[in-house]
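See structure below.
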Amino acid sequence: MGYNTITGGLGDRGFFRTLWTLALPIMIQNLLVSSLNMIDTLMIAAVGQDQVAAVGIANQYFFLFNLMITGIAGGCSVFIAQFWGGRNLDRIRKIMGLGICSLAVVAAVFSLAAGTASLRLIGIFSDSAAVRQWGADYLAIVCLSYVPTGITFMFANGLRAMGEARLPMLVSALAILMNTGLNYLLIFGKAGLPALGVQGAAAATVLARCLECGLIVYFSLRPKLLLRGAVRDYFSFSADFIREVFRKITPVVLNELCWGLGAVMYMVAYGKIGTLALAAANVTSTVQNVFMVLCFSIANASLVIIGHKIGAGEQEEARQAAWRFVILAGLLGLGLGILIILSAPMLLSLFTKLSPETVKASVRILRIFGATYFIRQIELVLIIGVFRGGGDAAASLKIELVTMWLIGVPMAFLGAVVLRWPVEWVVALITLEDIVKFVACMIRLRQGRWIHDVAEGITAFGD
């Protein structure tokens, strides 16, 4: 199966209409999140470079939590998308209920660990006493946002999997604007409020996440909406149902954790180089996230579209859609990669409090990222969107495990600890992982064995 099997290539107007309907709200939401996260980083950078490094480290813990809940919610989304293709609302509500319970438990565990051992957790990443203390102060407060964040994730992913992407976008936009405004007031002490620095940033996040959770739950469960149902419709499921669902979503969760732990190990490796490397990695990560918006939006839309087609029994149409996504991702990736390379110095000039050495390293890192952007775009669309939507999360997990843990992580520590290279050289060394991953993903796509009906065998749903 290849491009030449696709009727009309990229000329299917129905495909683009559906993609645009799904991807545009997701893209707007992700763009708001990434752009305002960059603004937040700029605000923290105005306080000091140590604070930037500290918040970046603390966010690595949230990053792990985020990957865990993304894995669970994403796994549930595969079921919901395929069930929606068959218009099975009863099963969708059961999946939603199990997802909400699971995410609330995971969030509570992460919150408890962060609240009781924040200094110890931050100490894993940095030897600087100042950075450790700033990071611990931030983490001890921001962990209170984890439970509402988990519940919000489940509702947002469930709605998107059913083709409703506008409501999560609007709710997220309100919460993000509130978060940014509170950041300004609490970090710098405006409007008569105390200047709390990193603690103010954490408090603003907690308040905004609680608002976001309340709004999305309220609007999702209003009368006459599809998710509206009795409590028993969501939470009356059998042990067989729980076991069968988790058997199929576990590869998604492990895939997210595998990738997330690897990314954390990269930060540990950068920390061995020094605070400059950590600051450069945090700043460039924030900028990169803005450019990754389109990639993740297309990936999320592809999961929904592929899942709907498989749920409706349209396997050949699913294969054709997968190749369209690959071609589209590659073309957009090339264009944006060039833009990143050209705009890197201008983007880094926004961070006025960084040292000249940090800025130079950051520009080089962004240019390396730009040069490999089209590869990342394709592989993420395949792993996060096409393969998951097709129920092939196990293959994605194997690809991630081999490339990240046998290539990427060893290369990071080889460059940082053994060779003692500058951070930008270490980043360049790590890109070998992306090249191998890209090849493995394309081989899997061409084999055509990535389509599976994940709903098959899910029969024990309780009363």
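The values are calculated or read from the model by the stated rules, or taken from the named source; none is laboratory data. As the structure is a computational prediction, the values presented were derived from the model and not from experiment. With ideal geometry, Cβ positions are generated from the backbone for all residues, glycine too; neighbour counts draw on all protein chains shown. When the accessible area is computed, the model is the full protein with side chains, heavy atoms only, and any ligands, DNA or RNA have been set aside. Shrake-Rupley method; radii C 1.70, N 1.55, O 1.52, S 1.80 Å.
With the Cα gyration tensor of region 394-434 giving a ≥ b ≥ c as the square roots of its eigenvalues, does the rule (a/c under 1.5 for rounded; else a/b larger than b/c for prolate; else oblate) give rounded, prolate or oblate? Verdict is prolate for region 394-434. Ranked by the mean number of other Cβ atoms within 10 Å of their residues, highest first, the peptides 327-333, 98-104 come out as 98-104, 327-333. In the assembled protein chains, residue 446 presents an accessible area of approximately 140 Å² (probe radius 1.4 Å). Within a straight-line Cα-Cα reach of under 25 Å, residue 360 can be paired with the following lysines, leaving aside sequence neighbours fewer than 8 residues apart in one chain: 272. Each residue of region 108-125 was assigned a 3J(HN,Hα) from its phi angle through the Karplus curve 6.51 cos²θ - 1.76 cosθ + 1.60 (θ = phi - 60°); the sequence is 5, 5, 5, 5, 5, 5, 5, x, 9, 9, 5, 5, 5, 5, 5, x, 5, 9 Hz, with glycine and proline shown as x.
Accessible area per residue for the chain is 41 Å², calculated with a 1.4 Å probe on protein heavy atoms, without ligands, DNA or RNA. For residue 116, the accessible area of its heavy atoms, probed at 1.4 Å with every protein chain present, is near 100 square angstrom. For the chain, the mean residue ellipticity at 222 nm estimated from helices alone is -26500 deg cm²/dmol, where every DSSP H run of n ≥ 4 contributes -39500 (n - 2.57) and the total is divided by all residues, rounded to the nearest 500.
Among the trypsin sites (Lys or Arg not before Pro) in region 218-253, those placed in a DSSP loop whose Cβ has at most 11 other Cβ atoms within 10 Å are 224. Taking the 1.4 Å solvent-accessible surface of the chain as the whole, the part contributed by carbon and sulfur is 65%. Mind grabbing the accessible area of residue 43 for me, 1.4 Å probe, Å², rounded to tens? Ignoring ligands and nucleic acids, residue 43 comes out at about 20 Å². Exposed loop sites, defined as GluC sites (Glu not before Pro) outside DSSP H, G, I, E and B with at most 16 other Cβ atoms within 10 Å, are absent from the longest region of the chain, namely 1-313. For region 131-189, what does the alpha-carbon gyration tensor say about shape, rounded, prolate or oblate, given a ≥ b ≥ c as the root eigenvalues, a/c under 1.5 as rounded, and a/b over b/c as prolate? Oblate, since a/c reaches 1.5 and b/c is not below a/b. Using θ = phi - 60° in the Karplus curve 6.51 cos²θ - 1.76 cosθ + 1.60, the 3J(HN,Hα) couplings for region 294-301 round to 4, 4, 5, 5, 5, 5, 5, 5 Hz; x is entered for Gly and Pro. For region 265-316, what class follows from the C-alpha gyration tensor (a ≥ b ≥ c being the square roots of its eigenvalues): rounded when a/c is under 1.5, otherwise prolate if a/b is larger than b/c, else oblate? It is prolate, given that a/c is not under 1.5 and a/b is the larger ratio.
Could you work out how much longer the chain between residue 113 and residue 235 gets when fully extended? Use 0.36 nm per residue separation minus the Cα distance between them, nm to one decimal.
Result for the pair: 41.2 nm of gain on full extension.
The listed peptides 200-208, 126-134, ordered by packing as a protection proxy, come out as 200-208, 126-134 (highest mean of other Cβ atoms within 10 Å first).
State to the nearest 20 debye the size of the charge dipole of the chain about its Cα centre, where the only charges are +1 on K and R beta carbons and -1 on D and E beta carbons.
360
Between region 43-79 and region 268-327, the alpha-carbon centres lie 16 Å apart.
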